[in-house]
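Report on the following structure.
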Amino acid sequence: MEITSRQEKNTTVVTVQGRIDAVTAPEFENYLSDLISKGGRSFIVNLSALEYISSAGLRSILATAKKLKAEQGDIRFSGLQGPVEEVFKISGFYSIFKIFDSDASALNNA
Amino acid sequence: MEVLSTIKVPAKLEHLHALIDRVSNCAKEQGLSEKRVNEIEIAAEEALVNIFHYAYREQEGDVEVSCKAERGMRFIIEIVDRGMPFDPLAVPEPDTTLDVAERQIGGIGVLLIKKLMDDVTYKRDRNQNILRLVVNLKA
């Protein structure tokens with residue numbers, strides 16, 4: 001798993017590559033937690049290069065979203081494909097999160 | 001039923017990758033697609049992580065993972081532990097319609113196993129939990 005982030009005005013775009021599983025999920029959650037504790041409130045998580053996610057990854061996303069909701073923050077997702085898209089669909093994450101094709105459309109729909 | 005591979009390790013998270021790699025290699029050798037292999041890896045992880053967390057409570061114990069093939073028709077991942085009796089198929093399905101604040105993650109792992117596999121069976125036999133994840137090899 002590799003995580004990078006960049007700033008687009010007041011939104012942080014986080015790109016995560018590789019695999020979020022039970023071993024790597026805590027690192028992903030900590031990464032986002034750090035950004036929130038540094039004042040980040042608006043996030044787009046780009047999943048276009050994510051190859052794999054299990055329920056441990058979903059748990060870390062949900063924990064992050066709850067944290068952000070308490071701070072009036074916001075998290076959106078872009079670039080879902082393949083197995084990651086399938087896991088989001090089965091888990092009902094499409095109905096609780098804002099999901100966009102690209103970072104650009106996610107940024108335009110803040 | 002032909003046993004393709006068996007691996008037995010302590011039921012700990014640090015062994016997850018070794019177990020998943022083994023299952024993944026077996027699945028690839030059956031000629032399954034990259035997508036199907038990915039789904040098998042997810043289902044196997046969910047089953048194993050449940051065992052790591054709950055099977056032995058504070059004690060130590062092993063988990064044994066076998067890959068089996070049945071007459072070229074079905075690929076089976078058999079996961080055996082000697083921990084507390086636990087039938088994952090009896091876990092109630094989560095409400096996937098609740099919003100972020102109310103949403104709980106419990107049960108999603110088992111839901112993924114059920115939705116991604118062609119069949120799942122559980123039995124308790126001589127102090128063992130035996131979970132089988134079944135993948136059809138022919139459509």
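Any read-out appearing in this document is the output of simple, stated calculations on the displayed coordinates, not a laboratory observation. Because the structure is predicted, anything quoted here is derived from the model rather than measured. As a convention, Cβ positions derive from the backbone with ideal geometry for all residues, glycine included, and neighbour counts pool all protein chains shown.
Some observations on this one:
- HN-Hα J in Hz across the range A:49-63 - Karplus 6.51, -1.76, 1.60, θ = phi - 60°, x for Gly and Pro: 10, 7, 8, 7, 9, 10, 5, 5, x, 4, 4, 5, 5, 5, 4
- Distance violations [Cα-Cα > 22 Å] among B:Lys68/B:Lys138; B:Lys35/B:Lys115; B:Lys8/B:Lys28; A:Lys38/B:Lys12; A:Lys66/B:Lys35: A:Lys38/B:Lys12; A:Lys66/B:Lys35
- The orientation-averaged projected area of the convex hull spanned by the Cα atoms of the range B:46-139 comes to 7.5 nm².
- Under 5 Å between amide hydrogens, built in the peptide plane, is the criterion, and for A:Gly40 it picks out nothing among residues at least 5 positions away or on other chains.
- log10 of Debye I(q)/I(0), alpha-carbon scatterers only, for the range A:2-108 at 0.25 Å⁻¹: -1.77
- Along its principal axes, the protein assembly as shown has C-alpha extents of 59, 40, 30 angstrom, given from the largest down.
- With θ taken as phi - 60° and the Karplus curve 6.51 cos²θ - 1.76 cosθ + 1.60 applied, the whole-hertz 3J(HN,Hα) list for the range A:94-107 is 5, 8, 10, 10, 8, 10, 10, 5, 9, 4, 4, 5, 5, 5 Hz, x standing for glycine and proline.
- Taking amide H as placed 1.01 Å from N in the peptide plane, the amide H of A:Ile75 sits under 5 Å from that of A:Phe43, each at least 5 places away or on another chain.
- Estimated from helices alone, the mean residue ellipticity of chain A at 222 nm is -12500 deg cm²/dmol (sum of -39500 (n - 2.57) over DSSP H runs with n ≥ 4, per residue).
- Whole-Å distance, taken between Cα centres, linking the range B:97-118 and the range A:41-59: 16
- Those aspartates and glutamates that a straight Cα-Cα span of less than 16 Å connects to A:Lys98, excepting residues fewer than 8 apart in one chain: A:Asp74, A:Glu85, A:Glu86, B:Asp99
- J(HN,Hα) series, the range A:9-20, from Karplus relation 6.51 cos²θ - 1.76 cosθ + 1.60, nearest Hz, glycine and proline x: 6, 9, 10, 9, 9, 9, 10, 10, 10, x, 10, 9
- The charge dipole of chain A, taken about its Cα centre with unit charges on the Cβ of Lys, Arg, Asp and Glu (plus for the first two, minus for the last two), comes to roughly 420 debye.
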